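Take a look at the structure below.
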Amino acid sequence: MRILINFQNVQVPVYFNTDTKQPIQRTLKLLTSALDNKLRHGKNALKKCLNSLISIEIEGSEAILHSKSEFDTVALSLY
């Protein structure tokens with residue numbers, strides 16, 4: 001399943017399985033909260049990834065943040 005979220009005034013696609021046990025709205029709320037928190041208080045490597053974010057893939061309780069450079073792609077725990 002694919003949903004678009006607005007992050008830093010850019011539409012970012014979020015991909016996830018429909019067989020997850022968590023409700024979609026709760027997962028998206030956790031994701032946007034974590035992204036905003038990491039943008040303000042995260043390390044430089046994570047901020048670099050967030051500034052060039054192209055898509056997000058939710059796998060279980062982790063969000064894989066894909067950036068323009070594959071070397072900047074990181075995994076972020078949602079819980």
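Counting only residues 5 or more places away or on other chains, whose amide H sits under 5 Å from the amide H of Ile5 once H atoms are built in the peptide plane?
Those lying under 5 Å, H to H, from Ile5 are Val12, Val14.
Given the rule -39500 (n - 2.57) for each run of at least 4 DSSP H residues, summed and divided by the residues of the chain, what is its mean residue ellipticity at 222 nm, to the nearest 500 deg cm²/dmol?
-10500 deg cm²/dmol
Expressed as a whole percentage, what fraction of the accessible surface of the chain belongs to carbon and sulfur atoms when a 1.4 Å probe is rolled over the protein heavy atoms?
It is 49 percent, rounded to a whole number.
What is the chain's relative contact order, in percent, from Cα pairs under 8 angstrom and six or more apart in sequence?
25 percent
Per residue of segment 47-56, in order, report the coupling 6.51 cos²θ - 1.76 cosθ + 1.60 (Karplus, θ = phi - 60°) as ³J(HN,Hα) in whole Hz, putting x for Gly and Pro.
Computed from phi, the couplings for segment 47-56 are 4, 5, 5, 5, 6, 10, 5, 10, 6, 10 Hz.
Using the Karplus equation 6.51 cos²θ - 1.76 cosθ + 1.60 (θ = phi - 60°), what ³J(HN,Hα) coupling, rounded to whole Hz, does each residue of segment 11-16 give in order, writing x for Gly and Pro?
7, 10, x, 10, 9, 7
Could you calculate the contour length gain from Asn9 to Asn44, that is, 0.36 nm times the residue separation minus the distance between their Cα atoms, to one decimal place in nm?
The span from Asn9 to Asn44 would gain 10.6 nm if fully extended.
Given the chain reduced to its alpha-carbon atoms as identical point scatterers, what log10 I(q)/I(0) does the Debye formula return at q = 0.27 Å⁻¹?
Treating every Cα as an identical point scatterer, log10 I(q)/I(0) equals -1.54.
Over the chain, with the other protein chains present, what is the accessible area per residue in square angstrom, probe 1.4 angstrom?
For the chain, the solvent-accessible area averages 67 Å² per residue.
Would you mind checking the pairs Lys21/Lys43; Lys21/Lys47; Lys21/Lys68; Lys38/Lys68 and listing those with alpha carbons more than 22 angstrom apart?
Going by Cα-Cα distance, Lys21/Lys43; Lys21/Lys47; Lys21/Lys68 fall outside the 22 Å limit.
Which trypsin sites (Lys or Arg not before Pro) in the chain sit in a loop by DSSP (not H, G, I, E or B) and have at most 12 other Cβ atoms within 10 Å of their own Cβ?
Filter output for the chain: Lys21, Lys43, Lys68.
The values are calculated or read from the model by the stated rules, or taken from the named source; none is laboratory data. This one's a predicted model, so the numbers in the text were calculated from it and none came from an experiment. A quick note on method: Cβ atoms are made from the backbone with ideal geometry, for glycine too, and the neighbour counts reach across all protein chains shown. Each accessible area value is taken on the protein alone, full model and side chains, heavy atoms only, with ligands, DNA and RNA left out. Shrake-Rupley method; radii C 1.70, N 1.55, O 1.52, S 1.80 Å.
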